[in-house]
Structures are given as structure tokens and as C-alpha cells.
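Chemist: Below are the C-alpha cells for one structure; questions will follow.
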Amino acid sequence: MEQSPQKDKFAVGYADGSIRIWDGQTKSVITTFNGHKKAITALRFDATGHRLASGSQDTNIILWDTVGEAGLFR
């Protein structure tokens with residue numbers, strides 16, 4: 001789990017390779033990212049919370065745009 005610099009937002013990585021961005025106030029999923037084939041092992045937001053880097057057991061690192069809800073780089 002990684003807390004965003006934006007208040008009450010969290011990224012959680014799952015064993016199936018998915019990542020969900022949660023809103024802590026409403027306790028609901030804001031968005032889901034699917035791009036990894038194995039379990040998420042690392043998550044880190046940038047200073048603004050607009051980008052999220054994820055690492056996985058599939059040995060890929062993906063940079064996600066949390067605003068545009070898309071993968072930027074693999």
C-alpha cells in the first residue's frame with residue numbers, strides 16, 4: 001500500500017497484478033489499473049500524486065497517469 005500526497009488517496013497492489021486507487025473518505029475504488037501479469041511488489045507516487053510507479057513479480061515497472069487513468073511507460 002502507498003499513500004498519495006493527495007489527501008485520503010491510497011494505491012493498493014494485489015496478487016493478480018491489479019492496482020486499485022482508493023478514496024479513504026468514501027472507502028470506494030476510484031480507479032483500477034491492469035497491466036502486470038503477476039503480484040505487485042512495489043508502489044510509489046510522485047510528489048504531486050499524479051503519477052504512480054509500480055513494480056511486479058513479472059519484472060516490469062509501469063508508470064501510471066493517475067489523472068488520465070492510463071499507463072504511460074513500461
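Chemist: Quick one: which residues, 5+ away or cross-chain, put their amide H under 5 Å from the amide H of residue 64? H built at 1.01 Å from N.
Modeler: Counting only residues 5 or more places away or on other chains, the set is 52, 53, 54, 72.
Chemist: How high is the relative contact order of the chain, in percent, with contacts defined as C-alpha pairs under 8 Å that are six or more residues apart? Could you put the intermediate results ahead of the total?
Modeler: Working: 175 pairs, mean separation 16.6, N = 74.
Once divided by the residue count of the chain, the mean separation gives 22 percent.
Chemist: Antiparallel DSSP bridges in the stretch 5-74: what percent, to the nearest 5? Please list the in-between numbers first.
Modeler: Details: 24 of 24 bridges.
Approximately 100 percent, going by the DSSP bridge assignments.
Chemist: Quickly rank 63-69, 9-15 as a protection proxy: mean count of other C-beta atoms within 10 Å, highest first. Display every interim value, and only then the final one.
Modeler: Values: 63-69: 15.1, 9-15: 16.7.
My ranking of the peptides, most packed first, is 9-15, 63-69.
Chemist: Still on this structure, I have one more. From the convex hull of the Cα coordinates of the chain, what is the mean projected area in square nanometres? Spell out each step's value before the answer.
Modeler: Numbers: hull surface 16.7 nm².
That works out to 4.2 nm².
Chemist: Pick out which of 54, 18, 28 has the largest mean-square fluctuation in a Gaussian network model of the chain, springs linking Cα atoms closer than 10 Å.
Modeler: Per the Cα network of the chain with a 10 Å cutoff, 28 tops the list.
Chemist: What is the gain in length, in nm to one decimal, between residue 28 and residue 41 on full extension, counting 0.36 nm per residue of separation less the C-alpha to C-alpha distance? Present the calculation step by step, with values, prior to reporting the outcome.
Modeler: Numbers: separation 13, 0.36 × 13 = 4.68 nm, distance 2.23 nm.
Result for the pair: 2.4 nm of gain on full extension.
Chemist: Follow-up. Can you send over the carbon and sulfur percentage of the accessible area for the chain, probe radius 1.4 Å, protein chains only? Write down the numbers at each step before the final one.
Modeler: Working: 2320 of 4550 Å².
Carbon plus sulfur share of accessible area: 51 percent.
Chemist: So, one more: Give me the 1.4 Å probe accessible area per residue for the chain, excluding ligands and nucleic acids, in Å². Can you show the working numbers first?
Modeler: Numbers: 4550 Å² over 74 residues.
I get 61 Å² per residue for the chain.
The values are calculated or read from the model by the stated rules, or taken from the named source; none is laboratory data. Only a predicted model underlies this, so the values are computations on that prediction, with no experimental measurement involved. We place every Cβ from the backbone using ideal geometry, glycine too, and count neighbours over all the protein chains shown. Each accessible area value is taken on the protein alone, full model and side chains, heavy atoms only, with ligands, DNA and RNA left out. Shrake-Rupley method; radii C 1.70, N 1.55, O 1.52, S 1.80 Å.
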